[in-house]
Amino acid sequence: MTDATYVRTDVIPLNELTPFPGNAKRGEVPVILDSLRRNGQYRSLIARQIPDGPLVVLAGNHTAQALDAHGAGPCSFTVTVEGEERPCGVCRGQEWTPSARCEVILCDDTTARRINLVDNKAADLGTYDRDALAELLSYLEDDGYAGSGYTEGEVMAIVHALPPQDLDDGPAEFPAFDEDLPTQYTCPKCTYSWSGKPS
């Protein structure tokens with residue numbers, strides 16, 4: 001077998017899943033748990049079915065850890081969305097046995113390692129269109145940034161960052177530092193303030 005073969009999608013108790021041995025990625029479990037509580041589990045884990053063996057999580061190991069960190073439900077977490085109070089996206093405020101939606105596949109050992117590696121690496125290789133990201137984040141202003149992975153401070157830094165420099169003409173030349181130049185700046189649109197000076 002040289003590629004992955006889909007078997008089924010199922011909700012599987014966490015105690016029936018085995019973490020990928022030697023997973024090299026160290027994820028931000030609290031950020032993932034915050035997203036799960038706010039958004040629910042919107043992406044399946046990928047679990048390898050080994051004949052007469054365990055179900056091994058190839059992709060989504062940190063989501064599984066976050067679901068485990070939530071623990072059995074119910075919990076008291078609620079969030080207000082557009083004026084409406086909603087329960088936790090994991091347990092829905094009800095009895096819940098720690099489990100995860102999984103896509104179960106069959107594959108050989110080499111393919112399993114490749115899936116684990118690319119799942120961890122592919123996101124690291126991506127970049128952002130800062131303007132598109134700032135616009136997307138702007139839609140969350142009213143409800144806050146919980147569950148997005150971004151803090152308010154990070155959003156302010158993205159929205160109010162200096163425009164990207166055009167490197168075609170070589171590095172920018174900054175004027176010599178002048179103590180009389182202002183070092184405090186304020187956005188005229190939202191009054192966000194930040195400090196800076198030429199370096």
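Taking a label point 7 Å from the Cα of residue 161 along the Cα→Cβ vector, which residues of the range 120-141 have an amide N closer than 19 Å to it?
Of the residues in the range 120-141, 123-141 have backbone N under 19 Å from the label point off residue 161.
Classify the range 36-157 from the C-alpha gyration tensor, please: rounded if a/c falls under 1.5, else prolate or oblate depending on whether a/b exceeds b/c. Walk me through the numbers on the way to the answer.
Working: a/c = 3.35, a/b = 1.33, b/c = 2.52.
Oblate is the answer for the range 36-157, as a/c is 1.5 or above yet b/c matches or exceeds a/b.
Between the range 72-99 and the range 15-67, what is the separation of their alpha carbon centroids in Å?
Here the answer is 20 Å between Cα centres.
Below 12 angstrom from the Cβ of residue 89, what's the summed charge of the other residues (Lys, Arg +1; Asp, Glu -1)? Show your work: numbers first, answer last.
Numbers: positive: 37, 38, 86, 92; negative: 34.
Summing Lys and Arg as +1 and Asp and Glu as -1 gives +3.
Can you pull the Kirkwood radius for the range 1-66, inverse mean 1/r over Cα pairs, to one decimal in Å? Intermediate values should be presented prior to the final figure.
Numbers: mean 1/r = 0.0769 Å⁻¹.
That comes to 13.0 Å for the range 1-66.
Got a sec? What order do 52, 3, 143 fall in by accessible area at 1.4 Å, biggest, i.e. largest, first? Could you put the intermediate results ahead of the total?
On the way: 52 170, 3 95, 143 60 Å².
Of 52, 3, 143, the descending order of accessible area is 52, 3, 143.
Can you give me the % of accessible surface on the range 114-166 that is carbon or sulfur? Probe 1.4 Å, all protein chains present, nothing else counted.
Working: 2200 of 3900 Å².
Roughly 56 percent, rounded to a whole number.
Using 1/(1 + (r/R0)^6) with R0 = 41 angstrom and r between the beta carbons of residue 133 and residue 78, what's the FRET efficiency to the nearest 0.05?
On the way: r = 28 Å, r/R0 = 0.68.
E between residue 133 and residue 78, to the nearest 0.05, is 0.90.
Would you tell me the accessible area of residue 152, worked out with a 1.4 angstrom probe on the heavy atoms of the protein chains, in Å² to the nearest 10?
Residue 152 has an accessible surface of roughly 120 Å² with all protein chains in place.
Quick check for you: with a 1.4 Å probe and neighbouring chains kept, what is the accessible area per residue of the range 28-140, in Å²?
Numbers: 6670 Å² over 113 residues.
Averaged over the residues of the range 28-140, the accessible area is 59 Å².
Would you work out which of 75, 14, 24 lies farthest towards the positive end of the dipole of the range 1-93? Charges go on Cβ: Lys and Arg +1, Asp and Glu -1.
Looking along the dipole axis, the top candidate is 24.
The values are calculated or read from the model by the stated rules, or taken from the named source; none is laboratory data. Everything quoted here is computed from the prediction, not taken from an experiment. Reconstructed Cβ throughout: ideal geometry from the backbone, glycine too, with neighbour counts over all protein chains shown. Protein only, heavy atoms only, side chains kept; ligands, DNA and RNA dropped before computing areas. Shrake-Rupley method; radii C 1.70, N 1.55, O 1.52, S 1.80 Å.
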